[in-house]
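The values are calculated or read from the model by the stated rules, or taken from the named source; none is laboratory data. This one's a predicted model, so the numbers in the text were calculated from it and none came from an experiment. Heads up, the Cβs are rebuilt from the backbone with ideal geometry, glycines too, and the neighbour counts pull from every protein chain shown.
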Amino acid sequence: MTLAIFDLDNWREIGATLARNKTRTFLTAFGIFWGTAMLAMLHGGATGLAGTMSRNFEGFATNLAAIVPGETSMAYKGFNKGMSWSLTVDDIDRVCRLTDKIDLASPLISRYGNMAFGTKTTTGRIGGVAPDFWRIQEVTLHAGRTLNDGDERHNSKVTLLGKNLSDELFGPDPQQAIGKYVSINGLYYKCVGVASQKGEGSIMGRVDDSAYLPLNPMRVAYNMGNKVDIFVFTARDGCTPKEILPVIKRVVSAAHPIHPDDEKALWMVDISEMFEMVGNIFTGIDLLALFVGAGTLMAGVIGVGNIMWIIVRERTREIGIRRAIGAKPRDIIVQILSESSALTVVAGTAGISFACMVLYLAEAMTAVPGHAPAGFQLTFSAALWILAVFLLLGTAAGLIPALKAMKIKPVEAMKDK
Amino acid sequence: MIIQLTDINKTYPGAVPLHVLKDINLGIEKGELCSIMGASGSGKSTLLNILGILDTYDTGEYVLDGTLIRNLSENRAAELRNRLIGFVFQSFNLIGYKNALENVALPLFYRGIGRRRRNAMAMEQLERMGLADRAHHLPGELSGGQKQRVAIARALITRPSIILADEPTGALDSHTSREVMRVFRDLNAEGMTIVIVTHDPKVGEQTNRVIRISDGRIEPVEQDA
């Protein structure tokens, strides 16, 4: 006898038996279908979720931290607790001079304002940043350049416009904005670049809705003194922002009436910690997907085993007849196992196809123009793995009933007339 | 001798062991049409099962068409059943979801014969039984007599050495019984060896030799014409 898998007759035989009880075949197939679909959707969904979450951090240096002044919580040097204070440009200079662990540093000041060009007006955020800022948060440059050291040194009245602001003032072509003079809160700045942010996250407002000015010209033009709102920096390779925090605290409490032990006077947002946290969340999601997936897998497989058991019991007589007219025990085993594996392959493929469709929809719905896709996808190898695991377990589940079927004696099977 | 039984004994084990066949000696010639008759519980079904290699015996010797049937593996038994024996059962034992043609062709499937050839051979047998026009009907759509003729066609398709029939007319009315018996007699006339197990004297009358069995023993031979 030839190998059963390559025998077309065998497949006809299997098709005939499966088609015989359509409801039962359908219900079993649905169990497997749902099992594979769930597993595939969980897998692809976890990948996609990870993709959407990491989109938030796109464009940011991974060892980034921001210092935000808060309110004091301890009375010190005759000042009551609960006093608010501001970081100054001098604080930042001193910190940078005291430690060599800082790589890039930029103060940040932020105001709201009106922008106008010709007859068009709009409102948005005005951000003052140091040149380092453009290396801390990378942006997508649509036209021109970012602000540089020269702008800062020469107190140039130039601006980098967010894409949305440029669209409103100059229309969809960002090149139109370059070289034009834009009025920002009544003062004119020459537009040198148009940019939008890469990820979903931003520091103090979306890049797309902001007009950036060099730090010094902004401070001077709007009479802001030396106060800044936030201090962002990145740690040098091999250091973490946490190591720099004590230096900052020391500098700040020397220059301001802040108790050295005051924990709440300033707080640090440490992106590197967030990266780590997000990493943990991803691991958690993966584990969850694996756990739930394994559960549905088991349920599906037990379903197959169960149905094959019923099939064998129901067909005891038929198997007896087949044995009487010359079916060998192996023929019966092959038949039962082929039935369960054929069912698994067909339903499993359908399940994976269905999952791919769902993932495609998820991908389409989470798509943001200008951003990389979130990755609600199933790799081909992952799909094959899922199918292989299901096939293996599905066949294994058919094994016990098949062995039972093999032991059926023709005489006994045909006795119940 | 196509069937030669020598001192066959069979005991069903249990709390009270049941000695169902006692020193059975029986020879059946090629081309015979004989019946095994006996009351229920006489051991005739057990005898038929042993003849059909569906059951084993404890002591003695059973030679079927030159092959000693003893201590066979399941595979070998299946193969011999397929090659040497055609079964006809009281309750037809057709597979309900397969049409007449597929039912008849099934033994050839287990012999590894291709579908096209299988179906052609099955059609031939159905024609012989006068059922060509019913080839694509399911068993449920056939009358009792037709079902039994399909079963006979299935028994014949492997060109077996003998046909074993277990109460082949038990589920049929007297008219179709006669019809089925005519089929058996016609087959016998063509040279087929046929053994029919029955408790119906009318069926026994239509065979050339009646083997009576009671209480596990064969009664002294009585030879009819």
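Annotations for the structure displayed:
- The conditions of being over 30 Å from residue A:392 (Cα atoms), modelled with pLDDT under 85 and in contact with a Phe, Trp or Tyr (Cβ under 8 Å, 6 or more places away or on another chain) are met by residue A:51.
- Condition broken by residue A:147, with the remaining ones in (1) under 34 Å from the mean Cα position of the chain (by Cα); (2) not assigned by TED's automatic domain parsing to the domain that holds residue A:206 satisfied: (2)
- Single unsatisfied condition, residue B:114 versus (1) at pLDDT 90 or above; (2) within 14 Å of chain A (Cβ to nearest Cβ): (1)
- Flag for residue A:50 being in contact with a strand residue (DSSP E or B) (Cβ under 6 Å, 6 or more places away or on another chain), under 30 Å from residue A:135 (Cα atoms) and in contact (Cβ under 8 Å) with a residue 60 or more places away in the chain: no
- Any hit, region B:22-37, residues being within 18 Å of residue A:411 (Cα to Cα) and away from every other protein chain (no Cβ under 14 Å): no
- Any hit, region A:133-140, residues being part of a helix (DSSP H, G or I), surrounded by fewer than 19 Cβ atoms within 10 Å (Cβ to Cβ) and in contact with a strand residue (DSSP E or B) (Cβ under 6 Å, 6 or more places away or on another chain): yes
- When residues in region A:238-264 are screened for being among the small types (Gly, Ala, Ser) and surrounded by 14 or more Cβ atoms within 10 Å (Cβ to Cβ), 2 of them pass.
- When each of A:352, A:386, A:332 is tested for being within 14 Å of another protein chain (Cβ to nearest Cβ), buried (at least 17 other Cβ atoms within 10 Å of the Cβ), of a type outside the set (Phe, Trp, Tyr) and part of a helix (DSSP H, G or I), the lone residue that passes is A:332.
- Among residues of region A:66-81 that are at pLDDT 85 or above, those with a beta-carbon under 6 Å from a residue that is of a type in the set (Ser, Thr, Tyr) and not in a loop (DSSP other than H, G, I, E, B) at least six positions away or on a different chain give the pairs A:71/A:84.
- Hits in region A:146-160 (condition: within 16 Å of residue A:207 (Cα to Cα) and of a type in the set (S, T, N, Q)): A:146, A:159
- Among the residues of region A:334-361, those that are over 30 Å from residue A:400 (Cα atoms) and out of contact with any helix residue (DSSP H, G or I) (no Cβ under 6 Å at 6 or more places or on another chain) comprise A:356, A:357, A:360, A:361.
- Taken together, the residues in region B:103-135 that are within 20 Å of the chain's Cα centre (by Cα) and among the charged types (D, E, K, R) amount to 2.
- In the condition set (1) more than 14 Å from every other protein chain (Cβ to nearest Cβ); (2) crowded, with 19+ Cβ neighbours inside 10 Å; (3) over 24 Å from residue B:53 (Cβ atoms), residue B:101 is compliant with all but (1).
- Considering B:73, B:35, B:91, B:45, the condition of being among the hydroxyl-bearing types (Ser, Thr, Tyr) and over 21 Å from residue B:165 (Cα atoms) is satisfied by B:73 alone.
- Total residues in region B:113-133, condition within 21 Å of residue B:183 (Cα to Cα) and either outside any helix (DSSP H, G or I) or among the hydroxyl-bearing types (Ser, Thr, Tyr) (or both): 3
- Taken over region A:289-315, the residue count meeting the criterion of being in a helix (DSSP H, G or I) and closer than 14 Å to residue A:17 by Cβ is 6.
- Residues of region A:89-100 that are under 35 Å from the mean Cα position of the chain (by Cα) and surrounded by fewer than 17 Cβ atoms within 10 Å (Cβ to Cβ): A:96, A:100.
- In the set B:195, B:150, only one residue is at pLDDT 90 or above and over 22 Å from residue B:102 (Cα atoms); that residue is B:195.
- Looking across region B:38-92, the residues that are more than 13 Å from every other protein chain (Cβ to nearest Cβ), surrounded by 15 or more Cβ atoms within 10 Å (Cβ to Cβ), small (Gly, Ala, Ser) and closer than 19 Å to residue B:196 by Cα come down to B:38, B:42, B:43.
- Number of residues in region A:365-381 that are under 23 Å from residue A:34 (Cα atoms), at pLDDT below 85 and not in a loop (DSSP other than H, G, I, E, B): the value is 1.
- Residue under evaluation residue A:261, criteria (1) outside any helix (DSSP H, G or I); (2) charged (D, E, K, R); (3) under 22 Å from residue A:382 (Cβ atoms), criterion not met: (3)
- Answer residue from region A:187-224, given it is surrounded by fewer than 22 Cβ atoms within 10 Å (Cβ to Cβ) and free of Cβ contacts under 8 Å to residues at least 40 places away in the same chain and is farthest from residue A:86 (Cα to Cα) among those: A:190
- Residue within region A:301-320 that is within 14 Å of another protein chain (Cβ to nearest Cβ), surrounded by 16 or more Cβ atoms within 10 Å (Cβ to Cβ) and aliphatic (A, V, I, L, M) present: yes
- Residues within region B:122-137 that are within 14 Å of another protein chain (Cβ to nearest Cβ) and surrounded by fewer than 19 Cβ atoms within 10 Å (Cβ to Cβ), tallied: 1
- When each of A:293, A:326 is tested for being within 14 Å of chain B (Cβ to nearest Cβ) and of a type in the set (Gly, Ala, Ser), the lone residue that passes is A:326.
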